[in-house]
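Take a look at the structure below.
The values are calculated or read from the model by the stated rules, or taken from the named source; none is laboratory data. Nothing here was measured: the structure is a model prediction, and the numbers come from that model. Counting neighbours? That spans all protein chains shown, and the Cβs are built from the backbone with ideal geometry, glycine included. Surface areas here come from the heavy atoms of the whole protein model, side chains and all, with no ligands, DNA or RNA. Shrake-Rupley method; radii C 1.70, N 1.55, O 1.52, S 1.80 Å.
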Amino acid sequence: MNRRQMLVTTATLTSTSIWGNWKQNLAYQYLLAKVEGFTTHLPSNKYIAFDWGFSEIMPDNEGVKLSWNQLISEKNQFVSLRITSATDVREVLVLEVKTAKTGQKIADWDLRFAALLQPFELQIPQDTIRAIIEEGIILKMVKGTKPFWFFSKNNSENNAPNAYLPHLLVHDKTTNKDAWKDRLLSLESLQTFGWQQGVVWDGMLKMSNDFPKVKSVLKEQLGMYFAQNSLLYCNLNNVKTEGKIHTVESILPFAILAQTNPTHPLLQTAIDFCEKHANAEGVIADGTGNNRMVKTEECYTVSYPLAVLAKTLNRPDLALLSIKTLQSRINILEKGNSIYQRGTEQGELFFENWGRGVAWYLLGIAKTLVYLPESEKKQEIKASFQKSVQKVMAYQQANGLWNCFFHQPETGVETSGTAGVAAALTYGYQHGLLPKTAKIAAQKATKALVSYLTPDGYLTGTAQVNKGGDALQKNGFRIISPYTLGFLAHIAP
């Protein structure tokens, strides 16, 4: 039997969508890997999210082997290697990828500053696909000082969903612009508890208004964190955390919890946290005294949840905290034609016109306005919001996208900021806050984002989470971040 006769063709999968009667052709396949390597021992004080299985790559050892027991047709097929981080990386991390037997080098795989629950993708050159399938590969750490944990089927009977397990994504060039919906509406969009998971849930909640079946998926994901009237999650240090909130960026999930389970006892925990972090003027921020830093994130992660809680629980005092917190960001962070992502209350500003920071700002203001009761202050914020939107729309590129830093084209276009801004424009238009020009700008962005979708529906082209300072944001490094699916849920037609 010759080699070609041995190959099997990757099937085109057909599945019934959650959306009802239509079916989609999924012209891709996950080839799950077998992981072999050194025995992995999790330190007693560490925890892997959801108790999922994991494997470990250590500095200064021979790495781990990935192998496959399936063959594919190389004709008209494209292959990407994926693994998903089970920890939060705070350094430059590079894995050398070689074939397992002949040692042919495939790539140095850059996983710098990997976030918990973040998949990484490496395009496999066509001329090495056969060797990888036949031999397997070795992943060896060549830059990095700490163990790297990634999800696998090792060490546990409770495993991550397939998209988060090590696999080869085999596909043709077909693009299904709706595939992202099936990634979002599954466990394959679970994210770190905080703003990332909050974006996912907020998108699901938005979609549930039109597709009631989405509510069951949202309920399942909420149950992964808020089961039995409690809160349990893996924090960024891989420590099991119960019932605690660590930062103001972790309040966003409670906006969704309040709208789906308004009697949940953990809502009071969120309220207590916000009140504790408010200064004498009612402005909420992390830090104390002169070390407080206000950020655009809090427009979305604090003011919006407080506005929801105020309406849900009939608490006018929470609406006042929401307004004070929002107004402080408007006063401090917006200067001229620029919106800064963060600044001190004394006026020092950072991250001018950073796309994702602007997205938090606009989406947070829009969402907060919808839930606040009518008042003169609300009208002032609305007028300010409309002016901000006009400034931001002026930075949109001819291709429909926004640059990572709007006023610096050398930083390159970036999809998370674009998707977040488009979500704010869409939401604002739908709720009568913005004119039709905002809707048109959002539609232009949405059309452009389609080309950044993977065959299975993840959005590529996102700047890494902000752990490496502005240098990391400006150097063109781009990755997949599943939280962006929540933005897509806001802008989908």
Based on Cβ point charges of +1 for Lys and Arg and -1 for Asp and Glu, what charge dipole magnitude is obtained for the chain about its Cα centre, in debye rounded to the nearest 20?
920
Accessible area, probe 1.4 Å, largest first, for residues Phe78, Phe254, Phe477:
Phe78, Phe477, Phe254
Would you calculate, for the chain, the mean residue ellipticity at 222 nm contributed by helices, counting each DSSP H stretch of 4 or more residues as -39,500 (n - 2.57) and dividing by all residues, to the nearest 500?
-10500 deg cm²/dmol
If you average the C-alpha positions of segment 355-405 and of segment 430-492 separately, how far apart do those two centres end up, in angstrom?
15
Using protein chains only and a probe of 1.4 angstrom, how many square angstrom of Trp149 are accessible, to the nearest 10?
20
Please work out the Cα convex hull volume for segment 274-394 and give it in Å³ per residue.
92
Relative contact order for the chain: what is it in percent, counting Cα pairs under 8 Å that are at least 6 residues apart?
14
Can you quote the Å³ per residue value for the convex hull of the Cα atoms in the chain, rounded to an integer?
152
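To the nearest 20 debye, what charge dipole does segment 71-165 have about its Cα centre, counting +1 at the Cβ of each Lys and Arg and -1 at the Cβ of each Asp and Glu?
Working: 12 positive and 11 negative charges, 30 e Å.
Around 140 debye, computed over segment 71-165.
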Going toward the positive end of the dipole of segment 173-243, with +1 on Lys and Arg Cβ and -1 on Asp and Glu Cβ, which of Pro212, Gly223, Leu190 do you reach last?
Pro212
Could you list, in their original order, any pairs among Lys46/Lys244; Lys244/Lys324; Lys324/Lys439; Lys387/Lys439; Lys206/Lys467 whose Cα atoms are separated by more than 20 Å?
Lys244/Lys324; Lys324/Lys439; Lys206/Lys467
Accessible area of Ile365, 1.4 Å probe, to the nearest 10 Å²?
0
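At a 1.4 Å probe radius, carbon and sulfur cover how many percent of the accessible area of the chain?
Carbon and sulfur together cover 49 percent of it.
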To the nearest Å², the heavy-atom accessible area per residue of segment 294-427 with 1.4 Å probe amounts to 32
Net charge within 12 Å of Leu252 by Cβ-Cβ distance, Lys/Arg positive one each and Asp/Glu negative one each, not counting Leu252 itself?
-3
Segment 87-134 and segment 138-169 have their Cα centres apart by a whole-number Å value of 11
If the cut-off is a Cα-Cα distance under 15 Å, which aspartates and glutamates reach Lys65, setting aside same-chain residues fewer than 8 apart in sequence?
Glu36, Glu56, Glu96, Glu134, Glu135
Could you work out how far helix 415-430 tilts from the main Cα principal axis of the chain, as a 0 to 90 degree angle to the nearest 10?
40
So how strong a dipole does segment 275-379 carry about its Cα centre when Lys and Arg Cβ are +1 and Asp and Glu Cβ are -1, to the nearest 20 debye?
220
Going by alpha carbons, how many degrees (0 to 90, nearest 10) lie between the helix axis of 214-226 and the longest principal axis of the chain?
90
Convex hull volume per residue for segment 294-358, taking Cα atoms only, in Å³:
70
Simple label model, 7 Å out from Cα along Cβ direction - Thr145 to Lys240, nm
3.0
Helix 266-276 vs. the chain, principal-axis angle (Cα, 0 to 90°, nearest 10):
60
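Show me the ranking of peptides 175-186, 409-420, 97-108 by mean Cβ neighbours inside 10 Å, starting with the highest.
Listed from highest to lowest mean packing, they are 409-420, 175-186, 97-108.
Relative to the present Cα-Cα distance, how much length would full extension add between Lys467 and Ser216 at 0.36 nm per residue of separation?
Values: separation 251, 0.36 × 251 = 90.36 nm, distance 3.39 nm.
The Lys467-Ser216 span can extend by a further 87.0 nm.
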Expected output is a single nm value to one decimal: the length gained when fully extending between His407 and Gln126, i.e. 0.36 nm times separation in residues minus the C-alpha distance. What is it?
97.4 nm
Given all pairs of different Cα atoms, what value in angstroms does the Kirkwood hydrodynamic radius of segment 414-493 take?
13.1
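Of the GluC sites (Glu not before Pro) in segment 204-285, which ones lie in a loop per DSSP and count no more than 16 other C-beta atoms within 10 Å?
Glu281
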